[in-house]
Every structure is written in structure tokens, then in C-alpha cells.
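Undergrad: Right, I'll just put the structure down here and ask away after.
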Amino acid sequence: MADGPKFAKFIRSVPGCAVQRYGTSELIGATRKPLTKQQRVEGESAIEWNDAIVPLTVDFCRRYARELAHHLANDELVEVKREEWDALQAQQAIEAQQASDAAVVEEINNLAAAEADKE
């Protein structure tokens, strides 16, 4: 079985510093949202920042080394440790399992209620 891609760096965006993921139209750690004319007039930002940790593959880092070095040096991106990424992945797995467990319990309760209504 093949392992997933090997990650060389883990980064997080810095709010206020929109950095596009090279080779795509995506922003790193942010998303663009559509604004109404009124929102634009009021000066609302079309970018929503998030706290996501973005893993970068070895190939991506090799291809865009100069650009990444520039953004890291100018504090437009922040490098995070693999341990933080691993902890986030573990937390997301726990949350997904809890949501799955809650869905099963809800389904059982709904079936039990339906059976009780038949009696």
C-alpha cells in the first residue's frame, strides 16, 4: 500500500496577508467570498481568514522554494511544526468519530420512537 504524499513543511496564513497557493486560484488559509455592492461600499473584506494548517509536499516546496522563502521571511506565512499538524489531525479524527457515534445513537432513538408509536 502506498503512503500519502510526503510533507516537507506545514504553514499557516497570516490574516491580512493574502498569499495565493502557487499554480491554483486558492488562497492559503483563506477563502474569497462574494460581496454585495453594499458590502463593497462599506469596505468589507472579500477574504475570510481561517486557522487552517496547510501541508506542503516535498515537490511543491522544491518547485516554489524561492516564493515560499520570500513569504516566510516577510511574515506573510508562518511555519508550524509537524507535531501541531499531527495534533490537529488527531483532534479532527476524534471529532469525526464523535459525530458518527452521535448519528448512530440518533438513528437508534428515532427507530425506537417509531416502534413505540406503532404500539
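Undergrad: Taking only pairs six or more apart or across chains, which ones have beta-carbon atoms under 6 Å, a first residue in region 51-62 that is part of a strand (DSSP E or B), and a second residue that is aliphatic (A, V, I, L, M) and modelled with pLDDT under 90?
TA: VAL54/ILE28
Undergrad: Report every pair of residues separated by at least 6 positions or lying on different chains whose Cβ atoms are under 7 Å apart, first residue within region 68-79 and under 18 Å from THR57 (Cα atoms), second assigned to a loop (DSSP other than H, G, I, E, B).
TA: Pairs found: HIS71/VAL19; LEU77/VAL19; LEU77/ILE28.
Undergrad: Further question: Taking the conditions exactly as written (at pLDDT 90 or above, assigned to a helix (DSSP H, G or I) and farther than 25 Å from GLN91 by Cβ), does ARG40 satisfy them or not?
TA: no
Undergrad: With respect to GLU84, determine if the residue is over 18 Å from the mean Cα position of the chain (by Cα) and either touching a residue at least 24 places away in the same chain (Cβ under 8 Å) or part of a helix (DSSP H, G or I) (or both).
TA: The answer is no for GLU84.
Undergrad: Name the residues in region 53-67 that are surrounded by 13 or more Cβ atoms within 10 Å (Cβ to Cβ) and touching a strand residue (DSSP E or B) at 6+ places or on another chain (Cβ under 7 Å), would you?
TA: Answer for region 53-67, where residues must be surrounded by 13 or more Cβ atoms within 10 Å (Cβ to Cβ) and touching a strand residue (DSSP E or B) at 6+ places or on another chain (Cβ under 7 Å): ILE53, VAL54, PRO55, LEU56, THR57, CYS61.
Undergrad: Restricting attention to region 23-76, which residues are hydroxyl-bearing (Ser, Thr, Tyr) and under 19 Å from the mean Cα position of the chain (by Cα)?
TA: Residues satisfying the conditions are THR24, SER25, THR31, THR57.
Undergrad: Return yes when GLU79 is of a type in the set (Asp, Glu) and over 20 Å from LYS6 (Cβ atoms) and no when it is not.
TA: Taking the combined requirement at face value, the residue does not satisfy it.
Undergrad: Determine whether LEU68 is in the same structural domain as TRP49 (by TED's automatic domain parsing), touching a helix residue (DSSP H, G or I) at 6+ places or on another chain (Cβ under 9 Å), assigned to a helix (DSSP H, G or I) and modelled with pLDDT of 85 or more.
TA: yes
Undergrad: Kindly indicate whether any position in region 102-118 is of a type in the set (A, V, I, L, M, F, W, C) and not in a helix (DSSP H, G or I).
TA: no
Undergrad: Evaluate the following for VAL105: is it farther than 25 Å from GLY23 by Cα, without any contact (Cβ under 8 Å) to a residue 40 or more places away in the chain, assigned by TED's automatic domain parsing to the domain that holds TYR22 and exposed (fewer than 11 other Cβ atoms within 10 Å of the Cβ)?
TA: The answer is no for VAL105.
The values are calculated or read from the model by the stated rules, or taken from the named source; none is laboratory data. Bear in mind the structure is a predicted one, so any value in this text is a computation, not a measurement. Don't worry about glycine lacking a Cβ; one is built from the backbone with ideal geometry, like all the others, and counts go over all protein chains shown.
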